[in-house]
Structures are given as structure tokens and as C-alpha cells.
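Chemist: Next up is a structure, given as C-alpha cells.
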């Protein structure tokens, strides 16, 4: 568990979170006619926000493989940890929708 104290692990989590947020905002910006806030609220009410988050999280895949290629294991572990957290968030959104 010493890798959690590693700053590159935290950078992996932070980077993955920023890229996921960037992906969500970009997708909503280009595919919606209304404002981003209204679009996100509408997607939540239609129970489609989890799908949007999962699509936006795909941005992290190339970053993960690049980190593996450059032997940045703590950074890659941070990305995987964030991906698992995103799965839990999406699961909560799907269960809460029922």
C-alpha cells in the first residue's frame, strides 16, 4: 500500500479525473443544443448520465497504455483506481435509477 503515498499515483487519479470531466463536457457541448448544466440534468433524469461518463472515461485508455509503455506504474495504478471508482459511480447511478 506504499504506492498510495506516491505522488505519481495521485497524479494518475487527478489526470484521469480531469480527462474524464473534459470528455463529458466535450461530448455534451458538441451534441447538445442547450447549456451544459441543463444537458447534464436532463441526462440524469433520463438515466443516461452513467453511459455518458463511461464513454468519456474511454479517453483514459490511451493514457494508461502510454504510462505502461513509459514504465510509469504508479501513474497507471492511479488511472486504474480512478476507473474502478468510475465503475462504482456508474453502478450507483444505474441502481439509483430503478
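Chemist: What do you get for the angle between helix 73-97 and the principal long axis of the chain? Use alpha-carbon atoms, 0 to 90 degrees, nearest ten.
Modeler: Result, in degrees: 30.
Chemist: While we're here: Quick one: order 11, 19 by neighbouring beta-carbon count within 10 Å, fewest to most.
Modeler: 11, 19
Chemist: Mean residue ellipticity at 222 nm from the helices of the chain, using -39,500 (n - 2.57) per DSSP H segment of n ≥ 4 over the full residue count, to the nearest 500 deg cm²/dmol?
Modeler: So the helix-based figure for the chain works out to -26500 deg cm²/dmol.
Chemist: Any chance you could give the angle, 0 to 90 degrees and rounded to 10, that helix 7-31 forms with the longest Cα principal axis of the chain?
Modeler: Once rounded, one gets 20 degrees.
Chemist: A follow-up question, please. Indicate the gyration tensor shape class of segment 19-97 (rounded, prolate or oblate), computed on the Cα atoms with a ≥ b ≥ c the square roots of the eigenvalues: a/c under 1.5 is rounded; otherwise a/b larger than b/c is prolate and the rest oblate.
Modeler: Verdict is oblate for segment 19-97.
Chemist: Once label points are set 7 Å from the Cα along Cα→Cβ at both residue 58 and residue 85, what is their separation, rounded to one decimal in nm?
Modeler: Reported label-point gap for residue 58 and residue 85 is 2.3 nm.
Chemist: Here is a further query. Sequence gap at least 6, Cα distance under 8 Å: using those rules, report the relative contact order of segment 19-97 to the nearest whole percent.
Modeler: Relative contact order here is 36 percent.
Chemist: I've got another one for you. Full extension from residue 69 to residue 14: what is 0.36 nm times the residue separation minus their Cα-Cα distance, to one decimal in nm? Numbers along the way, then the final one.
Modeler: Numbers: separation 55, 0.36 × 55 = 19.80 nm, distance 1.96 nm.
Taking 0.36 nm per residue and subtracting the Cα distance, the gain is 17.8 nm.
Chemist: Right, something else. What ranking do 20, 91 get, fewest neighbouring Cβ atoms within 10 angstrom at the top?
Modeler: With the sparsest Cβ surroundings first, the list reads 91, 20.
Values in this text are rule-based calculations from the coordinates and carry no lab data. These numbers come from a predicted model, not from an experiment. Cβ sites come from the backbone with ideal geometry, for glycine too, and all protein chains shown count toward neighbours.
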